[in-house]
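Read through the structure below, which is laid out as C-alpha cells, and then see the notes.
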Amino acid sequence: MNDILVELTKFNVKNIIESFNISKKVFSNKDTNKLFHSGEFGGYREDIIKNWLKLYIPEKFGISSGFIITSTNKISTQCDIVIYNKDCTPTIDNNGQRFFPIETVVAIGEIKSDIQSAKSLNEILYKLAKIKELRLEIETSKPDVYERRFETTMKRLIDLNPDKILPPEGVNPNNYLEISMKGNPYDNIYTFLICNKFDFDYSKFEFDYKDIQPYSWHNSILSLNDGGFSYITPERTPNMSYPVSGKIVLDHYFTKNTGEQNDLEPSIRSFLTKLHDNIIDTTVFKFDILRYLTLEKDIITRVK
C-alpha cells in the first residue's frame, strides 16, 4: 500500500461528493426542486470525474467527452467519458464537439449525480450497451491491430489452471487467437457508470438489458455513497469485471460501502483497480482513414 495514493484518493472522493452536493444546490430551482442549466451541471460533474480518473490512468490514454463513430456511418449518443489511445486517435473536432473512431476507444463511461429509480439505472445501462455494440462492426471490417495483449490477458483469465481451459464451460485459449468482441472481452471496450448515490432500494434492483447480449453489458458500476456492482463467478469469486467467462454468464455482485470514514472503501479501490488494469489490456485497432472516407463497395473494388 502507498499512503500518498490512498490519501489522495480519499481526499478526491470526499471532494467529489461534496462538489456534487454543493453544485446540485447551486443549479437547482428551489421552487420546483428541479435542475436549471442542467447542461452546465452535467459538464461540471464530468470535469470533476475526468480530473479524478487521470490520477489512475497511464498518460498514453486521453480522457474526453464526445461521440463514437464508425466507418459504416454510425454515430453514438453523446458519451460523458471517452477514454482513448492518444497515439493513434485523430483529432476529429467540430466546434468543440469531439468524435472518436470506435477502433481507438478503450472505455466509455456515464456520470450521474443521484439516480432516482431502477428504471433510470436500467436506461443508463442500456444506453451504454448500445454504444458498446458499435464495436461489433470491427469483426466485419477487420482493421489492423495497433495493440493487443491477448497472451497476458488469456493467462490471467485461466490462472494457468488446465481445468479452466476445457470447453464448453471453460476458456478455450484458441479463441484468443482470433479477434472477437463476443469471445474475448478484452477485444471489446470497457464500460462503466459513476454516480453520487442510488436514491432507491438498490438491494432489490433487477437488471433489464432487453435485447442486449451479455457480452455488451456494463463492466463496472460505482455509487460513491453506496458501493459498486460487478460480477461473481459460479465458484463465488467476486469483483469480476466481465459479464461472460467462456460460455458462462456471471451473476451480478454488489460490494456495499462500509461507512468507515478513515478507510478507503473497498468498492472504490476495486473500481479504480479494474478500470486501470482493464483499459491497459483492451485491444486497440488502427484507425483506417480509407474506410472512413470511402464507400465500402469502392474499397472492395480497390482491393480486388
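Screening Glu206 against (1) modelled with pLDDT of 90 or more; (2) crowded, with 17+ Cβ neighbours inside 10 Å leaves a single unmet condition, (2).
Of the residues making up segment 214-235, one or more are surrounded by fewer than 17 Cβ atoms within 10 Å (Cβ to Cβ) and assigned to a helix (DSSP H, G or I).
Do the conditions hold for Lys197, that is, is it basic (Lys, Arg), assigned to a helix (DSSP H, G or I) and touching a strand residue (DSSP E or B) at 6+ places or on another chain (Cβ under 9 Å)? So Lys197 does not fit the description; no. Scanning segment 245-280 for residues that are within 15 Å of the chain's Cα centre (by Cα) and either closer than 22 Å to Ala129 by Cβ or among the aromatic types (Phe, Trp, Tyr) (or both) yields a count of 7.
Whenever a residue of segment 96-115 is touching a residue at least 24 places away in the same chain (Cβ under 8 Å) and closer than 19 Å to Thr70 by Cβ, its partners that are outside any strand (DSSP E or B) and acidic (Asp, Glu), lying with C-beta atoms within less than 8 angstrom and at least six residues away or across chains, give the pairs Ile102/Glu137; Glu103/Asp288. Scanning segment 54-93 for residues that are part of a strand (DSSP E or B), β-branched (Val, Ile, Thr) and surrounded by 14 or more Cβ atoms within 10 Å (Cβ to Cβ) yields a total of 7.
Number of residues in segment 251-265 that are of a type outside the set (Asp, Glu) and at pLDDT 95 or above equals 6. The test for being within 18 Å of Cys195 (Cα to Cα), loosely packed, with under 15 Cβ neighbours inside 10 Å, among the β-branched types (Val, Ile, Thr) and modelled with pLDDT of 95 or more holds for Thr273. In segment 94-105, the residue that is surrounded by the most Cβ atoms within 10 Å (Cβ to Cβ) out of those that are in contact with a Pro (Cβ under 9 Å, 6 or more places away or on another chain) and part of a helix (DSSP H, G or I) is Glu103. Figure legend. Inter-residue proximity from segment 190-216: first residues touching a residue at least 40 places away in the same chain (Cβ under 8 Å), second residues among the hydroxyl-bearing types (Ser, Thr, Tyr) and assigned to a loop (DSSP other than H, G, I, E, B), beta-carbon distance below 6 Å, spacing 6+ or different chains. Indicated pairs: Tyr190/Thr282; Phe200/Ser117. Picking from residues in segment 106-135 that are among the hydrophobic types (A, V, I, L, M, F, W, C) and in a strand (DSSP E or B), the one that is surrounded by the most Cβ atoms within 10 Å (Cβ to Cβ) is Ile108. The single residue among Glu18, Glu46 that is of a type outside the set (S, T, N, Q), under 30 Å from Asn262 (Cβ atoms), touching a strand residue (DSSP E or B) at 6+ places or on another chain (Cβ under 8 Å) and at pLDDT below 95 turns out to be Glu46.
Only one entry in Ser230, Ser180 is closer than 24 Å to Phe61 by Cα, small (Gly, Ala, Ser), at pLDDT 95 or above and within 23 Å of the chain's Cα centre (by Cα), namely Ser230.
Applying the criterion of being touching a residue at least 24 places away in the same chain (Cβ under 8 Å) and of a type in the set (D, E, K, R) to the residues of segment 176-189, the residue that is surrounded by the most Cβ atoms within 10 Å (Cβ to Cβ) is Asp187. Would you mind stating whether Thr70 is touching a Gly at 6+ places or on another chain (Cβ under 9 Å), touching a residue at least 60 places away in the same chain (Cβ under 8 Å) and among the hydroxyl-bearing types (Ser, Thr, Tyr)? In short, no.
Could you look through segment 135-164, keep only residues that are hydroxyl-bearing (Ser, Thr, Tyr) and within 29 Å of Thr233 (Cβ to Cβ), and pick out the one that is modelled with the highest pLDDT?
For segment 135-164, the residue satisfying everything is Thr152.
The values are calculated or read from the model by the stated rules, or taken from the named source; none is laboratory data. Note that this is a predicted model, so its numbers are computed, not measured. Cβ: placed from backbone, ideal geometry, glycine included. Neighbour counts: every protein chain shown.
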